[in-house]
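Just below is one structure, and these are the notes that go with it.
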Amino acid sequence: MAAAAAKSPWLHAWRDPVADLKAFSPCMRLVDLNGDGDYKLIVADAERRLKVYRNTSLISENVLLDVPVSMCVTYTEASKPRVPCVSVASGPHVFIYRRLRPYYKFTVPPTPMAQAESDTWTKLNRGDMEIGQAVDALINARDSGAALTTRSVDLINTDSADERRALVDAWRSSPLTHQTVITCMETIKKNMDDDDALSQLVIGTESGSVLILDVGGVTIVSRFQLPSAPVYIAVTGLCDVEYRIVCACRNGSVYTIKNGELTGTAIELEAQPCGLVRVDKLIMVACMGSVVHAYHIKGKKSYSLYQPAPVAAIEVLTLQRVRSAKALLVSLHNGEVRLYSEKTVVATLHVDDPAVGMRFGAYGREEAALALVGKAGTLVIKMLQRTANLDASSAPPGPPSEQDIPLAIPKKTKLYVEQTQREREQATEMHRIFQRDLCKLRLNTARAYVKVLTDGQGPQSYTVGTSVRLTAQVQGLGPLFKLKLNLQNMGSKPIHELEMSLSGNPMLYRLRTRVLKLPLLLPSLTYRCECDVESIDESGASDAIRVYVCNTTSKLPIISAVVNMPLSEAPVPE
């Protein structure tokens, strides 16, 4: 373990145990706020504070109007120096800040209401409908699949008649709207793949809509409807060229939007998602079952990474040096931060406070930094060594380290020692007895097989002077079946004076023909016989029917067959 710690690619830069941050990965960004190459950490805290960190100090703190859901950084102007805008999603609004000052507010348009709900509230406000009747109408609309507004839900959940009347009187003067809220947000480059290229916002809403705004964040350029509300979004590509938007939704499925169209491929997860990123052509989805699944962009599962503890957050590690590299960072609730290169664990970082938020990127003048926000509010900054090798081949070869743990082998008992000593002293005699018993077993098996064949119970008869093969096939679903029998003379001489007899349970089956006179069997020719079988049992039970081919001069059948009949379907009533 000491050697593994010495080879860790991470360098400790700074730790603030009293930062008191309450934020997850969507509310953390590493960005060059002033366009001077000095990257800073921005955190949208759940306490309605927008905090900016530079190096090892907090340099700015602004008040937010609502609890943030997600935060993104966009570039809206082509002029230099490129100064980004900070967009904070809260409720149904996106607050856009330029140079950390309020600039614009975008509001998600309301969702169309169900006609039954709108008519119910119109009649209720006019006095044409009683409150009890309105509640029953709203319950029927909800049961029929209509998405109700929060006003209708509150009215249904209120039991007291006086409280319902007070709610209706308070809402009588306000218009009825179905306002949705934002669940997740990301950015997409417009037409260039540079870090400071023009970008647009991609918004996911509670109503299942995915919106793409223009560069200024003023109008909606594209709208897509998903079967469920998206909770995580991963975007790749350029909006004006080719792009993919992967959405992990609340119904436990992952959907893909490609070039303005929702593809028919849907990935169904075995547990609810708790993280989503794109690594090259793979979709990495972290689930609540302590596992990270990797899917190809076409929906086929590639592999799974099982974790020793539940996953708290995942992040993509991207390096653009002499040779570009991509890896996956997985934060666990046991305090580990694992670095994966494909399916191999390259390094493991241990932190005292389990990280619930992670961002990797440039910080200050360093191009490879990892910002961690702990569950208790701790802020940790780690630096990646410039000589770190993230290739999967750099991992130590051989079996995993878990195999180095010795097994709890029980102690040798006295009986075991005596048995071992006896095997050493009498090894030759034990081997001779084993070989003798094995030869007896083979002989008995061969004799039993020959007896089966000579008694006519096998698929082919080898009695003296005859060689006959019998096959059977059942056709039909019931209660009427057709039993097709094929009989072939495998010998070199013709066979005559043969009869075929059929036997079955008379309580279950009625055989139209029980005895068939067989013609002369010429060598190598196949004779086909048919027999009708009727199931007379009301429950359609099944049993076996036995077929015997006999010679008038022998007491034993030449050959026999057991036909297992299928279950019979119930007869169709007339």
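The values are calculated or read from the model by the stated rules, or taken from the named source; none is laboratory data. Since this is a predicted model, take the numbers as computed values, not measurements. FYI the Cβ positions are ideal-geometry reconstructions off the backbone, even for glycines, and counts take in every protein chain you see. Ligands, DNA and RNA are stripped out before the accessible areas are found, and what is left, the full protein with its side chains, is counted by its heavy atoms. Shrake-Rupley method; radii C 1.70, N 1.55, O 1.52, S 1.80 Å.
Given a Förster distance of 22 Å, report the FRET efficiency between residue 522 and residue 552 from their Cβ-Cβ distance, rounded to the nearest 0.05. Kindly include the intermediate steps, with their values, before the conclusion.
Details: r = 19 Å, r/R0 = 0.86.
The value I calculate is 0.70.
Each of 319, 344, 360 was placed along the dipole of the range 318-363 (beta-carbon charges, centred on the mean Cα), and the one lying farthest toward the positive end is 319.
Measuring max minus min along each principal axis, the C-alpha atoms of the chain give extents of 111, 87, 53 Å (largest first).
With R₀ set to 51 Å, the beta-carbon distance separating residue 375 from residue 541 gives a calculated FRET efficiency near 0.20. Between residue 131 and residue 34, the modelled labels are 6.0 nm apart [label points 7 Å from Cα along Cα→Cβ].
Near residue 8, within a Cβ-to-Cβ distance under 13 Å, what is the net charge of the other residues, with Lys and Arg +1 and Asp and Glu -1? With Lys, Arg at +1 and Asp, Glu at -1, the net is +2.
Please check which bits of the range 34-49 a label hung off residue 77 would reach, taking the label as a point 7 Å along Cα-to-C-beta and the cut-off as backbone N under 17 Å. Residues passing the 17 Å test: 34-37. If you sort the three axes of the alpha carbon gyration tensor as a ≥ b ≥ c, you get a/c of 1.5 or more for the range 236-358 and a/b no higher than b/c, which makes it oblate.
Between residue 469 and residue 497, full extension at 0.36 nm per residue minus the direct alpha carbon distance yields a gain of 8.4 nm. So what are the ³J(HN,Hα) numbers for the range 111-122, from phi and the Karplus equation (6.51, -1.76, 1.60; θ = phi - 60°), rounded to whole Hz, Gly and Pro as x? Those phi angles translate into 7, x, 8, 5, 5, 5, 5, 5, 5, 5, 5, 5 Hz.
Here the label points at residue 181 and residue 47, each 7 Å from Cα along the C-beta direction, are separated by 2.1 nm in the simple model.
Taking Lys and Arg as +1 and Asp and Glu as -1, the other residues whose beta-carbon sits under 13 Å from that of residue 216 total +1. Size descriptors for the range 1-92 (Cα atoms only): Rg and Dmax, in that order, 16.0, 52 Å. Between the helical axis of 131-143 and the longest alpha-carbon principal axis of the chain there is an angle of about 50 degrees.
Note on surface exposure: 306, 509, 75 rank 306, 75, 509 by accessible area, highest first, 1.4 Å probe. Rounded to whole numbers, the Karplus 3J(HN,Hα) couplings from phi for the range 80-88 are 10, x, 6, 10, x, 10, 9, 10, 10 Hz, using 6.51 cos²θ - 1.76 cosθ + 1.60 with θ = phi - 60°, and x at Gly and Pro. Think of the range 22-157 as having a plus end and a minus end, set by charges on the Cβ of Lys, Arg, Asp and Glu; of 43, 31, 155, 31 sits farthest toward the positive end of this dipole. Once each part is reduced to its C-alpha centroid, what is the distance from the range 25-49 to the range 280-300 in angstrom? Cα centroid of the range 25-49 versus Cα centroid of the range 280-300: 28 Å apart. Inter-label distance, residue 214 to residue 173: 3.7 nm, where each label sits 7 Å from its Cα along the C-beta direction.
In the range 118-269, with Lys and Arg counted as +1 and Asp and Glu as -1 at Cβ, which of these residues, 247, 168, 233, has the Cα nearest the positive end of the dipole, that is, farthest along it? The Cα lying farthest towards the positive end belongs to 168.
Anything over 18 Å Cα to Cα? Flag those among 300/343; 258/326; 300/326; 281/343; 7/375, in the order listed. Mind showing how you got there, number by number?
Values: 300/343 16 Å; 258/326 23 Å; 300/326 21 Å; 281/343 14 Å; 7/375 27 Å.
In this structure, 258/326; 300/326; 7/375 exceed 18 Å between Cα atoms.
Relative to the longest principal axis of the Cα atoms of the chain, the long axis of helix 427-454 makes an angle of roughly 70 degrees. Starting from the Cα of residue 104, step 7 Å toward the Cβ, then list every residue of the range 206-242 with an amide N under 12 Å from that point. Label zone hits: 213-221. Sites listed here are GluC sites (Glu not before Pro) in the range 124-188 whose DSSP assignment is loop and whose Cβ has at most 13 other Cβ atoms within 10 Å: 130. Here's the picture: a label point sits 7 Å out from the Cα of residue 140 along the beta-carbon direction, and within the range 155-172 the residues with their amide nitrogen under 17 Å of it are 156.
To the nearest 20 Debye, how big is the dipole of the chain about its Cα centre, given +1 on the beta carbon of each Lys and Arg and -1 on that of each Asp and Glu? So the magnitude is around 2160 debye.
Note on residue 391 and residue 278: with the Förster distance fixed at 25 Å, the Cβ-Cβ geometry gives a FRET efficiency of about 0.80.
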